[in-house]
Structures are given as structure tokens and as C-alpha cells.
1. So, counting K/R as plus one and D/E as minus one, what does the shell of residues with Cβ under 12 Å around residue 294 add up to?
2. Please give the peptides 497-507, 420-430, 121-131 ranked by average Cβ packing (other Cβ atoms within 10 Å per residue), highest first, as a rough proxy for protection.
3. Given charges of +1 on the Cβ of Lys and Arg and -1 on the Cβ of Asp and Glu, with all other atoms neutral, how large is the dipole of the chain about its Cα centre, in debye to the nearest 20?
4. Where only protein heavy atoms count, and the probe is 1.4 Å, what is the accessible area per residue for the chain in Å²?
5. Need the list of lysines near residue 170 for cross-linking: C-alpha distance under 27 angstrom, and skip anything on the same chain fewer than eight residues off.
6. Students often forget the sequence filter, so: which lysines lie under 24 Å Cα-Cα from residue 509 once same-chain residues fewer than 8 apart are removed?
7. By how many degrees, between 0 and 90 and to the nearest 10, does the Cα long axis of helix 234-253 differ from the longest principal axis of the chain?
8. With each label point set 7 Å from Cα along the Cα-Cβ vector, what nm distance links residue 230 and residue 243?
Amino acid sequence: MANALPQTPATNAGAIDNFDAIIIGAGVCGLYQLYRLRQLGLSVRVFEDGEGIGGTWYWNRYPGCRFDSESETYGYSWSEELLQEWDWKEHFSGQPENERYLNYVADKFDLRRDIQLNSRVKSAVYNEQANLWEVQLEGGQRARAQYVIAAVGVLSARYVPPFEGIDSFKGESYHTSRWPREKVNLAGKRVAVIGTGATAVQLIPIVAKEVAHLTVFQRTPNYCAPLRNSLVTPEEQRTFKANYATMHKRIRETATGFMHDFDPRKAMEVPKAERLARYEELWAQPGFAKWLGNYRDIMVNREANEDFAEFVRDKIRARVKDPVVAEKLVPKDHPFGAKRIPLETQYYEAYNRDNVLLVDVRESPIERITPKGIKTKDKEYEFDVIIYATGFDAVTGPLTRIDIRGEGGQSFKEKWADGPRTYLCLQSAGFPNLFLASNPALCNYTVCAEMLVEWITDCIRYMREKHFTRIAPTPQAEEGWVAHMDACASRTILYDTNSWFMGANIPGKKRAILLYTNSAATYRKECQDAAAKGYEGFVLR
Ligand code: N01
């Protein structure tokens, strides 16, 4: 596949660098974690796989990539100066701007001097006697630290389906999450996109305008909802800046971590006419209002969910001219919100273009990739470019791809074989001083990430003040948390389909809820309460 990973630096055999803390990943979490640990006076090194910083916003540079969270809620909340300096240009900011923002933060807070780029962590092994983690990079370089913070993201391990013949294709192939930094010229080319998740939904309308012909291979249609992006006016900019404190207070209190919050009423208790009028109102709003501002039982009551799903299906039908194509694009096999809702701009209109073809791979499965293109059950399609928008080995993948060994040489990958095993999504028993700082909640990413980083920082500060050197959860606390995560998800409609939320997008991956689906505000409180009770559920030594 084109655009191979950047090379890690040459091996510095023998030498071992020592730090108080090692952070894996220089994305949204990793950058903030570095800033906070430095404030504690720790020596810190960040190892980042990419050639640049930004994590998700470094790697995902495919055409159309942008926030689905409102820009002003995605920016960091912890520096008033930063909040006042930075102008978001669009309500849902695009990847180039988001990458610029994170680079601006890195420069403003002088973070780069502790970040080592092109440094992919291969293993992290806990030495019990020394109470230290030994980290090794792909290139052989080694470093030791008391604390390791895995800020590896939840959607960073790309997934490419193991199609037969994948390497035989003679044209160009790209995975959306490893899109080249230099412009990919698609003009006049025959292009395939495999996948119709949130990524493909952003990419397809843009690419469709550029290429000679686009063929989209769809396995499951999604409930895509209009993003309704627009430029931020100078007046809106002033309003953001004047109201950041109020906004941040609110998004820490909502169930979603967004400005949106669920309507306290139950859908089917609202008279039909009023309910439909409310749906229209929500539909007209930007962002996730139609999902996270909907009636409170939409994610737990199948009748309520189906009522709104039918509303969305009609919205899709109204936008696609060919009724046969429209029906293929209408999801019927899973509830609304059971897969993350892709927010789109002119997605459905792309299928009204003469140069766009939709292939339903449930009707005609992909059999193999050939030197010329893609062979389905019915025919062989020829392409110049194949784009894999096939998602990620989410949440567990970025961690289990590193060889992490805890107490007694226990393998993290083996321990997590049946799904994530943590207490509070923050630590795993038997892996002392290893903190997981990637947002596992169904919540605005930065809001939750900041909460985790602050919890970890406070925990390390507490340990240093009280002269503790090791922290890990008790197996009992972990057992309880795993059951609690499952119970929370079981109350919802999330188990009704195969999504990355359940790890079910990866063949062979054990189906288990990967996200904590309780309210974001409750999660915050649970973490804070454990800390306030002297880190209840953890063993400190
Ligand atoms: O990945 P996905 P994504 N044959 O897993 C298909 C975040 N995000 O990168 O649904 C044929 O959702 C697969 O089909 P199916 C957001 O959280 C945020 O799009 O499994 N098709 C699906 O259509 C999102 O949820 C933004 O049947 C195959 C697609 O590939 C998450 O990232 C933007 C296949 C994968 O969809 C992941 O989104 C973009 C096969 N063998 C993403 N295997 C923002 O706006 C897989 N597929 C911030």
C-alpha cells in the first residue's frame, strides 16, 4: 500500500534514557499530558510514531476530514490565553486547521523539546524489582520511566480488510487514516472507495467532484445527518471568547460532553405532531443535535428509536433521485445511533451524479483485489486508485499492538483478548503505573481527554506527596468495572449491531463493549469520587 509509515530513527544500541514519565502519543491527550506533568516538575519524554504531532489530526488528512464536534468545544479549555488567542474559522473545523491548532499549542507551550517524532513504541515491559517500565522503540532505542501514559487514541490502529490479492493491485492504494501529506491527484481517475462510515461520508462528496468516475462499495448504509457547517463570523467569535467559561461549565455537566443534551421527555409520550415538529427542529440544527439533543430514550427504547429512524430514512429518500439507489442507502438493519452517526455535507447528493456508482457488497460481495481493480461476485471493476475507508481496530488495537508486559510478565494483549479490562478505563490490574489516557467515553473527545489527563496528573502528584511509588487497581475493582461497563451498554441499543463500539468490525475480535456508555458527567464524578476516597479501588504502595 502506498504511503508507508515513516522510518524510526536509527538504533542507539546500549544506551538507556531515564525519565520520570514516558507518554506514548503526541495527539490531543499526549500534548496536554506532557504540559501537566512538566508542571509537576517531572522529566518527561513523548514518543510519537508520526513525523509530526497531532495524532488523529496528523494522520487523517483525507479530503473532507473535519470535526463533527463544534470547534469551540473541541479546543482545549485549560488556558484562557489560548482560548482568547485562537480563532476557529469554521464551526466544524477541517483537518488542516486542526493540525495547525495543535502545532500552535505545541509551540506556545514549548512542548516540542520533549517530543521525539518518528518513534513507534514496540514494547513496554514492567520491571517489578526496580518498579520501572522499560520502553523499546521499533528502531531499538530504549528508555525507562516510573510512569507510562498511553495516550495512543482510540481510533489510531487502522484496519485494512484482508482481501485476497490486496498487494497485487497495480494502481495506487490509500487507507484514509494514512493519507499522504503531499496532494494525491485524483483528477480524471477511476477511483474506488471501500466503506461508508463517517470517514467515507466526509470524503465521498469531495472526491466525487474531482474524479472521472467513483465507485463506492457499501456493506452497511448509515444514518447520515447534515453537519450544517459554516464560517464563524467575527461576532460569533467574540461571543465564543466572552462565554468560554460558561460553555465549559455546561459541557462538563451534560451527559454527552457536548453543548447538546438529551431532551428529558420520552419520545413516545410526546404527541406525534409535536414530536415530528421537534425532529424537524433538531434536523435543522448543526452538529449532533439530532442525536444528542433528541429524546432521552432514543438510545434505550427501540420503539422511540425506530420512530426517529423512520424520520431519517425519509430524509435520505428525499435527497436521492434514483429510488433504487435511495433504498440501498437507507439503513434498515440497525437502530439509529447504534453506529456512530456520520455527519455529512452533500453526501447523498453525490449519488445523484452521473459519475458515481454505488455497489452493495451484501448483494455482490468483494471476492478479491486484482491487479486491475476489485472483483465482486458479479463482475470485475477496473480502477486507477483504491481508497480503503475501512476504519480502525478501535480502543484495544492501539494498545494490544504494543507488546506490553506487566507483573509476572503478563501480556496485556492476552489479558485483553476478550475486551478491555480496566478500572475506570484508567488502569488495568497487574500493570502498575501504566495509565490509559485515551478517551473511552461516548463523549466529546477533548472534554473527556482533559478529564483523564487531569485525573492522572492529580494521581501522580498525590503519590509523590504521600511517598507512594506504585498504583494499580485491585482485581475486584476491575471485575466490577468491566461488569458495570457491560451493564450500562446492555441497557442501550448498542448491542443490536456490529460496530467498532463493540469491536465487531474486526473479524475474530471478541465482541465486547469498548466504550463506557454512561453519562459523561457521571463518569467524571465516578473518577473524582475514587480519588477523593484516597484512590478507592486502587492499591497504592
Ligand atoms: O470507520 P467505520 P470510519 N468489506 O468503522 C466498511 C470517527 N470519525 O473510519 O459498516 C466491505 O465507521 C464498514 O462496513 P460495515 C468516528 O468516531 C470521526 O468511517 O462494517 N466494507 C464501514 O462502512 C467514526 O465512527 C470523524 O458493514 C468493509 C467502513 O468500512 C470512527 O472514526 C470523521 C469491510 C468502516 O467504517 C470510524 O469511522 C471520521 C469489508 N471487508 C471518523 N470492512 C469526525 O468527524 C469494513 N468495511 C471527527
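1. On the way: positive: 265, 266, 275, 278, 290, 296; negative: 261, 263, 281, 297, 307.
Around residue 294, the surrounding residues sum to +1.
2. On the way: 497-507: 19.3, 420-430: 22.5, 121-131: 15.5.
Ranked by mean Cβ neighbours within 10 Å, highest first: 420-430, 497-507, 121-131.
3. Details: 70 positive and 70 negative charges, 101 e Å.
Dipole of the chain, to the nearest 20 debye: 480 debye.
4. Value for the chain: 40 Å² per residue.
5. Straight-line reach from residue 170, under 27 Å: 183, 189, 209, 372, 375, 377, 379.
6. 122, 339, 413, 415
7. 60
8. Distance between the two pseudo-spin positions: 1.4 nm.
The values are calculated or read from the model by the stated rules, or taken from the named source; none is laboratory data. No experiment lies behind these values; they were computed from the predicted model shown. Reconstructed Cβ throughout: ideal geometry from the backbone, glycine too, with neighbour counts over all protein chains shown. These accessible areas exclude ligands, DNA and RNA; they are computed on the full protein's heavy atoms, side chains included. Shrake-Rupley method; radii C 1.70, N 1.55, O 1.52, S 1.80 Å.
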